[in-house]
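A.B. asks: Take this structure, written in C-alpha cells, and hold onto it; I'll ask about it next.
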Amino acid sequence: MTESNTSATDVDAVIVGAGFAGMYELVRMRRAGFSAVVLEAAHDVGGTWYWNRYPGARCDILSVDYSYSWDPELQQEWTWSERYAAQPEILRYAQFVADKHDLRRDMRFDTRVVSAAWNDDTSRWTIRTDNGDDITCQHYVMATGCLSMPKVPDLEGTDRFLGEVYFTSTWPHDGVDFTGKRVAVIGTGSSAIQSIPLIAAEAAQLTVFQRTPNFSIPARNGPISDERMAAFRADPDAYRAEARLSAAGVPRDTPMEGALMVADEERLARYEAMWEASELLGVTGTFNDTLANAESNETLRNFIHDKIRATVNDPEVAEALCPTNHYVGTKRACLDTNYYETYNRPNVRLVDLRKDPIETVTETGLNTAGESFEFDAIVFATGFDAMTGAIVGVDITGRNGLTLKEKWEHGPVTYLGLMTAGFPNLYMITGPGSPSVLSNMMVSIEQHVDWIADAMIHLRDQGHESIEPTELAETKWVEHSNDFADLTLMPTANSWYMGVNVPGKPQVFLPYPGGVGRYRLTCDEAVERGYLGFALDGPNGRTVNDGIIRPLAPDVQVMLETMAEMGLPPLETMGVEGARAFMEMAGAAMPPGPEVGEIADGKLPGGDGTPLEYRLYRPATAGPHPIVAYYHGGGWVLGSATSDDPLCRYLCVNSNSIIVSVNYRHAPEARFPAAADDGLAAATWIADHADNLGGIPGRLAVAGWSAGANVAAVTAQQAKLAGGPAISGQVLLCPVTDGTTDRASHADNADGYGLTMGVMNWFWDQYCDPTDRADPKASPLLADDLTDLPPALVITCEFDPLRDEGDAYADALGEAGVSVEHVQCPGQTHTAIPAVDALVTSEYARKAMADALRSFSDVHADT
Ligand code: N01
C-alpha cells in the first residue's frame, strides 16, 4: 500500500484547501515526486462546493467548461447532466476525482491552518493547525479559494435573533425545510438570486431585503447543447487550448464592434440573442466596449431594465429591482432561474433598503427605519471577504518577522497574483492580481497550479531552495493591473471586486482585468526570461533577476498585440506607394477626434513655390485665435494635410487655436531640404495671412509629430536665422532631431514598439543623403547655436527608438537657455500620443501639448 502523508510532520509542500485548486496541486506534487499534504477545514474535498449547499446553488459557467482538463480519461468518463450543474453534482465530481486518484490519502480533513511562519535559517515554513500540530515544509501553497471566507455579519443585533439563522456560505448538510415559515433573505447577490426562487416556493412568506439590485439573466438550464458538446468531443485538446488563451477561460468569439457602432435594431437583436443564449460571459461579451464605455454600457443596462419591467408585474417592485447605481458587469452579474418571476408570487415581498434601511436585528426579526418584521428564519446571503480574506485569515509571517496582514494593510501586493516579496515559497492559487474571479476558475486554477509546480521543479533542478518576487516586479505588477482596471468601468462600482463590501477593507481592484490568455502568456514569459522579477536563493547564494514584466501602458500593449496579430509586413518592404496606402488605411480606422468649429482646405506656396495643400481647423469659439502651423508625422515620406486629423482636432479644441496642418513636400519625390524649406515657407505664409485666416497676427506657434516635429524644430531655427516669422513656441512630439541614429534607444527600442529602426532608416534614406544629415536643417540637434529659440514643449516616449534624440534635444535647448518643458512618457510608444480617443493612458501628453500651445499664446498676449 502507498504511504500516506497525512500524519507527516515534514513534507516538501503543504497545500491548504481541498477544493479544485488543492486537489490538482496535490496531483502535480505527486507527479513531480514531491511529498505533499493537503490541510482542509472541511470534512471532505470540494472547497466552495462543499460549503455552499444552499437551495439552487449551481455554477454559472457551462459545466463542460467548468471541469478539469488535466485528466483526459476523466473528460471521457464524466458526463454532466445539465448545462449548469447543481452543487450536489459538482461535489460528486470532486469526490469522483478524489476517489479516482486516491487523493484523500494525502489529505487531512477537519484541520484548519491557523499560522504559518518562514524560517530564514532552515528556508522552511512551519505551518500550525488548530489541532496544535506543526508541519514543516519547503513550499506552502494557499489553495484557499477566492470566495471562501464568509463576510462577518455587519448588521446590528445579529446575535439577538432567537429564530433559525442560516448563511448561504455554510449551509446545513441535511438541508433546511422552510415549509410554513416566515423567512427573510438578506442580500441580492448570486447566492441570494439562486436561492430566493426555491425558498419562496417552500416558505409561507419570504421577505427579501435588498440593498443593491443586481443584473441577472435567465440560466435556461437543461441538457447541454449537442452543438457545444460536439465542439468539445470533436477535439477536447483544441477546445481546452482555445479556452486557455481566451479572455475569460471559455472559448468565445471576440466581438469586434462597440455597442454604439451598430444601428439600434442590430444592437437590440444582439442583446436578445445574448439573453436567449444565457451565458454569463455573453452579457458583457456582446460588444467589445461594454466594460469600458459608459454610454455603451447604458444601452445594455436599459435592455436588462426593460426585461425586468416586462417580467415583474408590480411596477414599483420592478423599478426597485432595476440596478441604476452601477454599470452591468462592474459587480458580478448573475444567472437565475425564475428570479424576477418570483416577485410576482403573493407570498414574496421586496424591501428596498435604500429607501428603508435596516436598523437592527431583533429577537423576533428585524427593524428597518420604518417597519418591524417578524420571522421564523433569517438567511444571510451577505457574501464574502473576497480574494484576500482566506489568505490573511491565516497568521502568516515571512522574512524578518513581517506579517502578511501588515504588508497588505493598504491592499494586496503580489507579483502575477502568485507570490509576494518577503514570503519565499508562499504561493497563492488564483490570488489577488490574477484573473481569478473574472475567469472560468477551472482554467485559472490549472494554469496557476502548473506554473507553481513547474517553479518548484525548476528550483529543485537548479539547486535553489526558495523563490520570491522582487519588490520592483510586484510594485509594477500591481500598478499595471490597476492601470488596466482604470481603463474599465470596474472600479466605479461598490463591489467585492474592490473590497467595498467589507467595512474597513482597503479599496483596490483585486483581480487582474487583462484577461486569461494575456495573463497566461505573461506568466510564461516571466519564466522564459529566466524568472524575470524573481529572486532565487540557495546554498550557492542569491540570484536576482529584477525587472518589469509589463512596462508598457496596458492600452498601448493591447494595441501592439493587436497589430502583431495582424502579421503585417514591415512598412519599409511595402514600397513607397504601398506604405502610403497602408498609412491612409490605418489612419481611417482610428477614432475621428472631436468636432471643431470649422474645417477649411486651402493651398499655400511651398519653399520652391509649389502649392502645398493645407487643412485649417478653427475652434467653435469666437475668434480671432492664435495660430499653430502643424507638420504631420510620416518620416517625410508618408502622410498629408489630413493624416494627423484627430490630433489636429484635439489640439484645436483644447488649445483654442487655429491649427493649420501643412502637407509639406514628401520624399523620395522631393528630398532634403524640401520638407525643411516648406516648413519655413508655410509658417511665413501663415504669419503673413494671419488676419485673413481668422488668426491673431504675431501669434504663431509651430508643432509637429515625429518627422513633422523635425520640420517644426527646423522651422523654429530657420525663422530665427531668417529674422522671421516670429514663432511664439514649438511643440515637438517624439521629434527626429539627429540623423546619427546610434543612441541607446535606437538599439533598445529598435523593434516591437510600432516605429522600428528598419522603417526609420528607410525614411532617412528616402529623405536625405547620409552626407547631408549633419546639416541642422536635417538634424536640428546638430545646430551650432540653439540660443534664442522660442519656448518648447518636447515630448518623448519610453518605448520609442527616437526617445534619446528627443531627450537630447530637450536638454540641449535647456542648456542654451531656451525655456523647455520636457515631458517623458513612461510606458508609451512613438505612435501612442496621437491616438486620440483610442489610447486613454496617453491623454495627459496630449493635454500637455494643448496646454503648451495655450501658454505660448498667453505669454505673447502679456508682452
Ligand atoms: O455575495 P455578494 P454572494 N445589509 O457579495 C448584501 C460567487 N458565486 O454570496 O451589494 C444589507 O455578491 C449585498 O448588498 P450590496 C460569485 O462570484 C457564484 O451572493 O453590498 N445587505 C449583496 O446584495 C458571486 O459574485 C455562484 O449593497 C447586505 C449581498 O448581500 C460571489 O460568489 C453562486 C449587507 C451579497 O452579495 C458572491 O456572491 C454564488 C448588509 N449589511 C456565488 N451586507 C455561481 O457560480 C451584504 N449585503 C452561480
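The values are calculated or read from the model by the stated rules, or taken from the named source; none is laboratory data. A quick note: this is a predicted structure, and the numbers were derived from the prediction, not measured. For neighbour counting, all protein chains shown are included, and Cβ atoms are generated from backbone atoms with ideal geometry for every residue, glycine included.
A.B. asks: Working only within segment 634-656, note down all residues that are part of a helix (DSSP H, G or I) and buried (at least 22 other Cβ atoms within 10 Å of the Cβ).
C.D. replies: D645, L647, C648, Y650, L651, C652, S655 - these are the residues of segment 634-656 that are part of a helix (DSSP H, G or I) and buried (at least 22 other Cβ atoms within 10 Å of the Cβ).
A.B. asks: Which one of these is among the basic types (K, R) and closer than 22 Å to F380 by Cβ: K100, K151?
C.D. replies: When all the criteria are applied, what remains is K151.
A.B. asks: Only one of these conditions is not met by F232: (1) out of contact with any Phe, Trp or Tyr (no Cβ under 6 Å at 6 or more places or on another chain); (2) modelled with pLDDT under 95; (3) more than 19 Å from L438 (Cβ to Cβ). Which number is it?
C.D. replies: It is condition (1) that F232 fails.
A.B. asks: Oh, and also: Can you say whether V437 is within 16 Å of the ligand (Cβ to nearest atom) and surrounded by fewer than 22 Cβ atoms within 10 Å (Cβ to Cβ), as far as the supplied structure shows?
C.D. replies: So V437 passes the test.
A.B. asks: In segment 198-211, how many residues are within 22 Å of P150 (Cβ to Cβ) and in contact with a helix residue (DSSP H, G or I) (Cβ under 8 Å, 6 or more places away or on another chain)?
C.D. replies: Residues that pass the stated criteria total 3.
A.B. asks: Oh, and also: Out of all the residues in segment 813-840, which are β-branched (V, I, T) and surrounded by fewer than 22 Cβ atoms within 10 Å (Cβ to Cβ)?
C.D. replies: Of everything in segment 813-840, those that are β-branched (V, I, T) and surrounded by fewer than 22 Cβ atoms within 10 Å (Cβ to Cβ) turn out to be V818, V820, V823, V840.
A.B. asks: Can you spot a residue in segment 695-708 that is assigned to a helix (DSSP H, G or I) and either free of Cβ contacts under 8 Å to residues at least 12 places away in the same chain or out of contact with any Phe, Trp or Tyr (no Cβ under 9 Å at 6 or more places or on another chain) (or both)?
C.D. replies: Checked segment 695-708: no residue is assigned to a helix (DSSP H, G or I) and either free of Cβ contacts under 8 Å to residues at least 12 places away in the same chain or out of contact with any Phe, Trp or Tyr (no Cβ under 9 Å at 6 or more places or on another chain) (or both).
A.B. asks: Is it the case, given these coordinates, that Y531 is away from the ligand (no atom under 16 Å from the Cβ), under 26 Å from V558 (Cα atoms), part of a loop (DSSP other than H, G, I, E, B) and in contact with a Ser or Thr (Cβ under 9 Å, 6 or more places away or on another chain)?
C.D. replies: yes
A.B. asks: For residues that are more than 31 Å from the chain's Cα centre (by Cα) and away from the ligand (no atom under 15 Å from the Cβ), scanning just segment 376-397, find the one that is surrounded by the fewest Cβ atoms within 10 Å (Cβ to Cβ).
C.D. replies: Across segment 376-397, the extreme among qualifying residues is D376.
A.B. asks: Also, quick follow-up: I'd like to check which helices (runs of 4 or more DSSP H) are fully inside segment 19-87 and have at least 3 residues that are buried (at least 18 other Cβ atoms within 10 Å of the Cβ), in contact (Cβ under 8 Å) with a residue 60 or more places away in the chain and in contact with a helix residue (DSSP H, G or I) (Cβ under 6 Å, 6 or more places away or on another chain).
C.D. replies: The helices (runs of 4 or more DSSP H) meeting that bar are 20-32.
A.B. asks: To continue, here is another question. Quick one: in segment 34-86, which of the residues that are in contact with a strand residue (DSSP E or B) (Cβ under 7 Å, 6 or more places away or on another chain) and of a type in the set (D, E) is farthest from the ligand (Cβ to nearest atom)?
C.D. replies: Step by step, filter segment 34-86, then rank; the result is E40.
A.B. asks: Of all residues in segment 471-515, how many are more than 16 Å from the ligand (Cβ to nearest atom), farther than 22 Å from T841 by Cα and assigned to a helix (DSSP H, G or I)?
C.D. replies: 1
A.B. asks: Ok, one more. Only one of (1) modelled with pLDDT of 95 or more; (2) within 16 Å of A716 (Cβ to Cβ); (3) small (G, A, S) fails for S857. Which number is that?
C.D. replies: With (1) modelled with pLDDT of 95 or more; (2) within 16 Å of A716 (Cβ to Cβ); (3) small (G, A, S) applied to S857, the lone miss is (1).
A.B. asks: Hey, another quick one. Looking only at segment 322-337, which residues are closer than 30 Å to V508 by Cα, within 12 Å of the ligand (Cβ to nearest atom) and of a type outside the set (K, R)?
C.D. replies: P323, N325, H326, G329, T330, A333, C334, L335, D336
A.B. asks: Identify, by number, the condition in (1) surrounded by 15 or more Cβ atoms within 10 Å (Cβ to Cβ); (2) in a helix (DSSP H, G or I); (3) touching a residue at least 40 places away in the same chain (Cβ under 8 Å) that E276 doesn't meet.
C.D. replies: (1)
A.B. asks: Would you mind stating whether E359 is away from the ligand (no atom under 16 Å from the Cβ), touching a residue at least 60 places away in the same chain (Cβ under 8 Å) and either under 36 Å from the mean Cα position of the chain (by Cα) or in a strand (DSSP E or B) (or both)?
C.D. replies: Answer is no for this residue.
A.B. asks: Among the residues in segment 94-105, are any within 15 Å of the ligand (Cβ to nearest atom) and either buried (at least 19 other Cβ atoms within 10 Å of the Cβ) or in a loop (DSSP other than H, G, I, E, B) (or both)?
C.D. replies: Scanning segment 94-105 turns up at least one residue that is within 15 Å of the ligand (Cβ to nearest atom) and either buried (at least 19 other Cβ atoms within 10 Å of the Cβ) or in a loop (DSSP other than H, G, I, E, B) (or both).
A.B. asks: Still on this structure, please answer the following. Just the residues that are out of contact with any Pro (no Cβ under 8 Å at 6 or more places or on another chain) and over 17 Å from T254 (Cα atoms), please, taken from segment 269-292.
C.D. replies: Those that are out of contact with any Pro (no Cβ under 8 Å at 6 or more places or on another chain) and over 17 Å from T254 (Cα atoms): A269, E272, E276.
A.B. asks: I've got another one for you. Would you pick out the residues in segment 127-170 that are part of a loop (DSSP other than H, G, I, E, B), more than 30 Å from N5 (Cα to Cα) and within 16 Å of the ligand (Cβ to nearest atom)?
C.D. replies: Of everything in segment 127-170, those that are part of a loop (DSSP other than H, G, I, E, B), more than 30 Å from N5 (Cα to Cα) and within 16 Å of the ligand (Cβ to nearest atom) turn out to be K151, V152, P153, D154, L155, E156, G157, F161.
A.B. asks: Identify, please: which residue in segment 583-629 is of a type in the set (A, V, I, L, M, F, W, C) and without any contact (Cβ under 8 Å) to a residue 12 or more places away in the chain and is, among those, surrounded by the most Cβ atoms within 10 Å (Cβ to Cβ)?
C.D. replies: Filtering segment 583-629 for residues that are of a type in the set (A, V, I, L, M, F, W, C) and without any contact (Cβ under 8 Å) to a residue 12 or more places away in the chain, the one surrounded by the most Cβ atoms within 10 Å (Cβ to Cβ) comes out as A586.
Yes/no per residue for (1) part of a loop (DSSP other than H, G, I, E, B); (2) within 33 Å of the chain's Cα centre (by Cα):
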{"site": "R270", "(1), (2)": "no, yes"}
{"site": "L281", "(1), (2)": "no, yes"}
{"site": "G285", "(1), (2)": "yes, yes"}
{"site": "H305", "(1), (2)": "no, yes"}
{"site": "R345", "(1), (2)": "yes, no"}
{"site": "L350", "(1), (2)": "no, no"}
{"site": "K355", "(1), (2)": "yes, no"}
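A.B. asks: What is the residue count in segment 158-177 for residues that are surrounded by fewer than 23 Cβ atoms within 10 Å (Cβ to Cβ) and under 29 Å from P323 (Cα atoms)?
C.D. replies: Qualifying residue count, segment 158-177: 7.
A.B. asks: Checking the conditions here, which among A200, A219, A184, A204 is more than 16 Å from the ligand (Cβ to nearest atom) and buried (at least 21 other Cβ atoms within 10 Å of the Cβ)?
C.D. replies: A200
A.B. asks: Which of the numbered conditions does I599 fail, given that it passes all the others? Conditions: (1) within 30 Å of A622 (Cα to Cα); (2) β-branched (V, I, T); (3) touching a Leu at 6+ places or on another chain (Cβ under 6 Å).
C.D. replies: (3)
A.B. asks: Being hydroxyl-bearing (S, T, Y) and buried (at least 16 other Cβ atoms within 10 Å of the Cβ) is the filter; apply it to segment 307-341 and report the residue that is farthest from the chain's Cα centre (by Cα).
C.D. replies: For segment 307-341, the residue satisfying everything is T311.
A.B. asks: Of the conditions (1) closer than 20 Å to V113 by Cα; (2) out of contact with any Pro (no Cβ under 8 Å at 6 or more places or on another chain), D450 fails just one. Which one is it?
C.D. replies: The one condition D450 does not meet is (1).
A.B. asks: Could you run through segment 450-470 and say how many residues are of a type outside the set (S, T, N, Q) and part of a strand (DSSP E or B)?
C.D. replies: 3
A.B. asks: Having 2 or more residues that are under 40 Å from the mean Cα position of the chain (by Cα) and of a type in the set (S, T, Y) is the bar; report the helices (runs of 4 or more DSSP H) wholly within segment 755-863 that clear it.
C.D. replies: 843-862
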